[in-house]
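K.L.:
Dropping the structure in here first, questions after.
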Amino acid sequence: MEQGKFPRHYLEAWGIAKSFKGTRVMSDMNFRVERGELVSLLGPSGCGKSTLLRIIAGLLEADEGAVVLGGREITRFPAHKRNVSVVFQNYALFPHLTVAENVAFGLRARGMAKSATGAPVSEALSLVRMTEFADRPISALSGGQQQRVAVARALVVGPDLLLLDEPFSALDRKLRETMQVELKSLLLDRGITAVFVTHDQEEAMGVSDRIAVMNAGRIEQFADPSTLYARPASPFVMDFVGLSTRISGRVVSSDAGTIAVDTAYGRLSARSDVTVGKDVLLGVRPELIAVEAGENTIGVPLTDVMVLGSKTVLHGTARGGDRILCELPGIRGGLKRGDAVTLGWAVDDTLAYEVAP
Amino acid sequence: MTARVDRVALLAVPGLAYLAVIYALPLLMLLAKSIRTADGVSFGEYAAFFSDEYNMRVLWRTLRVAALTTVLALVIAYPTAFAMSRAKGPWLTVFLVAMVLPMSLGVVVKAFAWSILFRANGFLNSTLQWIGLTDGPVRMLFTETALVVGAANVFLPFMVLPIYAVVRQLDSRLPEAAASLGASPMFRFFNVTLPLTLPGVVAGSAFTFSMAISMYVIPSLIVGERQQTMSMLIARSFLYLRNEPLGSTISAVLLAIAIFVVVFSSWLARRLGARQ
Ligand SMILES: Nc1ncnc2c1ncn2[C@@H]1O[C@H](COP(=O)(O)OP(=O)(O)OP(=O)(O)O)[C@@H](O)[C@H]1O
Ligand SMILES: [Mg+2]
C-alpha cells in the first residue's frame, strides 16, 4: 500500500498498469466503488474492461498497482482466496454437472459437505426462479436459464464483490431487458456490491448507480447516469452515451463564462471558458432541440424524418464532420424530407469542448 | 411410400465389405478351428488352456504388462497433452513431429536403440554407477520393467493424441470460473479439469491397453522367449507347434479381452459424455 494511505473506499484499484507482450493496454488506472454500489464499466470493444475486471478478480496479474477490497489489500491473493464471484459472458457453467451441482460448486470448494449444500442451493435457485430445473444438465437449458444459473452460482457463496462481464450480451433484446430488471432488484435487495461490464450504454444507464466510461485503457468519466448524459466530460463520452447534434466551430468572443462560436450554421453560444481563437466542438442532446427559434438557432433542410412511435427523429443536412439530430416526442406528422426547418435550443443545454485544430 | 435407402449410408458399403472379407471372415474361420474337433463341437481346447498353469501365468503377465504400460503411458501423456494444448505455432509442430516421427521409425530400430541404453555396460548402468546409486550393473534388459518402459514409449502417441484432442477443446474459462468460486488448484483439477478430460483418458487407455495385450514384436525384442506373452504363445502354437486349435483358442481368448475393453470403454465414454 502507498505510505499512510488508508482505504476509504470499499473497492479500490489504483495505479493499475497492464501490458500484453510489451503493448500497454492500461496505465495508472484508478477505480473506486463504494459498498453496495452497482457500477458499470462502459466502453468500446478492446478498451480494457475485461482486463480491469480480471485484475480485480485475480484472474490476471497487474504489472503495477494494488487492489483493496473491504479494507484488505488483495493484490497478491490468488483468485480463489478473494471471495470475488464472476459471471462470465458465456456463463462458463460446468458442462459435466447438473444445475444444482453447478450452484453447489462454490460451497463445496469452500469445504462444505455435499449434504449441507441442499438448503442454500435451493434458496439460490428459487431466487433466480430455477428451482424446477435443479436436476437438469446444463446442455438442456436456454441462454437465459443458463444466465440465471450462473448468477445463482455466483451469489450462493456470499461474495464480497460480484463481477459481471457482459452477462447479457448473448441474450436477445427482450430477454436482456427482463434480465436487467431482475438482476438489478436481486442485487439491490441483497445489498451486493457489483461491477458490471457492458458496451451497451442503455444497459449501463438502466442497471447502475454510477458508470465509468472507459476509452483506450483510461476512465474518461465516472459519474451517475444523469450527469454522464447531461454533462459528458469529453466528446468521447458525449458520443458514447447517447447521440447528439455535433457542430464544430471557433470561439470568437468570451464574456463571463459564455462564449460565442462561429460555425457553418452561424453564430452559436455556450457556457464555457474556452478562450478566444480556439477550436471547439459544440454538442446538444437531440431531445433538447425544438423546431422553433431559441437562444441558439440554426436553419437546415431535413435529410430524413423517422417516425419511431414514442418519438420522431429529424436528421438535418450536416456540413463537414457535423451532425444535426433532433428528437421530438410522439408522432409528429407534417414534416418530411427536404423541408427547411428552424431548430432552436438553450445556451445552457449547449456542451462545448476544446479540440485540437 | 416405400422406405428409401439413405444414400449417404451407401458410402459405408466398401468399408464394410472390406472388413467382412479381410477381417471378420478369417477371424470366424479361426474361431471355428478352436471349437471344431474330429467328432463335432467341443470346448475342450478352452478347458485345457485355462487349466494349464503356464498358460495362466502368461495370461496374467500379459494383462499386468498391458495395465502397467497403460498407466505409465497415461502418467507421461496427460501432462504432455496439456503442454501441447498450450503450445503455439512452431512449438506445436515440434510436439506433433516428436509424437509421430518415432512411430515411423519402427519398433525394431527402437528396440536395438534401447538395448544400448539398458544393457549391462549401457548408458543407464554407467550413469547409475557413476552417480553412486548402484555398485554394479543392474539387470535391465530382458526384464518386465524394460518391457513396460519400452511399450509405453511405442504406444505413447496413441495415449497423447486422444487426450490432446479433448484438452484442446477444454474451455479455459471453466477453471477460471472455478477459481473465482473459491476452488483451490487441487479442487479445480479433480472437479473440473479431470472429469472434463476423462473421455480422452478413457479413449487413450483403451487404445493403449488393447494394443499392449496383443503386442508381439516389442516383447520378442526386449524380453525374448524367456517371458512369453499371449501373442508369443499364439505365434509359437501356429509356427513351431503347428497346433492350430491351440493357437485359435488363445487367439479367441485375446479377442474376447479386446472386445471387452472396447465395449467397456465406449460404454464408459458414452456415460461420461452423456452429461456434457
Ligand atoms: N491475453 C491477451 N493477450 C494479448 N492481448 C490481450 C489479451 N487480453 C486482452 N488483450 C488486449 O488488451 C486490450 C483490452 O482487452 P479487453 O479484453 O480488456 O477489452 P474489453 O474492453 O473487454 O473488450 P470487449 O468489449 O471486446 O470484451 C485489447 O486491445 C486486447 O487486444
Ligand atoms: Mg471484454
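K.L.:
Got the relative contact order for chain A handy, in percent, Cα pairs under 8 Å and 6 or more residues apart?
P.N.:
Value for chain A: 15 percent.
K.L.:
Could I ask something else about it? How much length would be gained if the chain were fully extended between A:PHE20 and A:ASP273, taking 0.36 nm per residue of separation minus their Cα-Cα distance, in nm to one decimal?
P.N.:
Details: separation 253, 0.36 × 253 = 91.08 nm, distance 3.97 nm.
The A:PHE20-A:ASP273 span can extend by a further 87.1 nm.
K.L.:
Quote the convex hull volume per residue of the stretch B:205-259, based on C-alpha atoms, as a whole number of Å³.
P.N.:
In the stretch B:205-259, the Cα hull volume divided by residue count equals 71 Å³.
K.L.:
Okay, next question. For the stretch A:23-75, what is the charge dipole size about the Cα centre, in debye to the nearest 20, if Lys and Arg each add +1 at the Cβ and Asp and Glu each add -1 at the Cβ?
P.N.:
160 debye
K.L.:
Averaged over its residues, how many other protein chain Cβ atoms are within 10 Å of peptide A:97-109's Cβ atoms? Spell out each step's value before the answer.
P.N.:
On the way: counts 5, 1, 0, 0, 2, 2, 1, 0, 8, 6, 2, 5, 10.
Mean partner shielding for this stretch: 3.
K.L.:
Student exercise: in chain A, how many lysine pairs 8 or more apart or on different chains have Cα atoms under 28 Å apart?
P.N.:
Taking chain A as the scope, the lysine pair count is 16.
K.L.:
Angle, helix A:99-109 long axis vs. longest principal axis of chain A, Cα atoms, 0 to 90°, nearest 10?
P.N.:
Roughly 70 degrees, rounded to the nearest 10.
K.L.:
How big is the charge dipole of the protein assembly as shown about its Cα centre, in debye rounded to the nearest 20, if each Lys and Arg gets +1 on its Cβ and each Asp and Glu gets -1 on its Cβ? Write down the numbers at each step before the final one.
P.N.:
Values: 61 positive and 52 negative charges, 408 e Å.
The calculated dipole for the protein assembly as shown is roughly 1960 debye.
K.L.:
Angle check, please: helix A:143-155 long axis (alpha carbons) against the longest principal axis of chain A (alpha carbons), in degrees 0 to 90, nearest 10.
P.N.:
With both axes taken from Cα atoms, the answer is about 70 degrees.
K.L.:
Something else now. How shielded is B:182-193 by partner chains, expressed as the average number of their Cβ atoms within 10 Å of its Cβ atoms?
P.N.:
So the per-residue partner count for this stretch is 4.
K.L.:
Over its Cα atoms, what ratio of radius of gyration to 2.2 N^0.38 Å does the stretch B:55-274 give?
P.N.:
Cα-based Rg divided by the globular estimate yields 1.18.
K.L.:
Can you pull the one-decimal nm distance between simple spin-label points at B:PHE189 and A:ARG337, each 7 Å off the Cα toward Cβ?
P.N.:
Reported label-point gap for B:PHE189 and A:ARG337 is 6.7 nm.
K.L.:
Output needed for the protein assembly as shown: three equivalent-ellipsoid semi-axes, defined as square roots of 5 times the C-alpha gyration tensor eigenvalues, in descending order, whole Å.
P.N.:
72, 30, 25
K.L.:
Shifting gears a bit: Using 0.36 nm per residue of separation minus the Cα-Cα distance, give me the extension gain between B:MET103 and B:ARG119 in nm, one decimal.
P.N.:
On the way: separation 16, 0.36 × 16 = 5.76 nm, distance 2.32 nm.
That works out to 3.4 nm of additional length.
K.L.:
Note the direction-averaged projected area, equal to a quarter of the hull surface, for the Cα convex hull of the stretch A:217-282, in nm².
P.N.:
5.2 nm²
K.L.:
Of B:THR37, B:GLY89, B:ALA165, which is farthest towards the positive pole of the protein assembly as shown's charge dipole, taken about the Cα centre with +1 and -1 on the beta-carbons of Lys, Arg and Asp, Glu respectively?
P.N.:
Checked the options; the winner is B:THR37.
K.L.:
Run lengths n ≥ 4 of DSSP H only: what is the helix-derived mean residue ellipticity at 222 nm for chain A, with -39500 (n - 2.57) per run over all residues, to the nearest 500?
P.N.:
Computed mean residue ellipticity for chain A: -6500 deg cm²/dmol.
K.L.:
At 7 Å along the Cα-to-beta-carbon direction for both A:MET112 and B:ASP135, put a label point, then send me their distance in nm to one decimal.
P.N.:
My value for the distance between the label points is 6.2 nm.
K.L.:
Which of the GluC sites (Glu not before Pro) found in the stretch A:36-66 are loop residues per DSSP with 14 or fewer other Cβ atoms within 10 Å of their Cβ?
P.N.:
Those that pass, being in a loop and sparsely packed, are A:GLU61.
K.L.:
If you build a Gaussian network model of chain A, linking Cα atoms that sit under 10 Å apart, which residue out of A:ALA92, A:ALA124, A:ALA152 swings the most?
P.N.:
Answer for the Gaussian network model of chain A: A:ALA92.
K.L.:
Next up: Report the Cα centroid-to-centroid distance between the stretch B:1-74 and the stretch B:198-262 in angstrom, as an integer.
P.N.:
The stretch B:1-74 and the stretch B:198-262 have Cα centres spaced 11 Å from each other.
K.L.:
Oh, and also: Please give the length that would be gained between A:ALA170 and A:ARG218 if that part of the chain were fully extended, namely 0.36 nm times their separation in residues minus their C-alpha to C-alpha distance (nm, one decimal). List each step's numbers first, then the result.
P.N.:
Working: separation 48, 0.36 × 48 = 17.28 nm, distance 2.60 nm.
Between A:ALA170 and A:ARG218, full extension yields 14.7 nm more.
K.L.:
I'd like the distance separating the alpha-carbon centroids of the stretch A:249-306 and the stretch B:146-180, in whole Å.
P.N.:
So the separation of the two Cα centres works out to 66 Å.
Values quoted throughout were computed directly from the atomic coordinates according to the rules given, and no laboratory measurement underlies them. Since the model is a prediction, treat every value here as computed from it, not as a measurement. Note: ideal-geometry Cβ built from the backbone for every residue, glycine included; neighbour counts use all protein chains shown.
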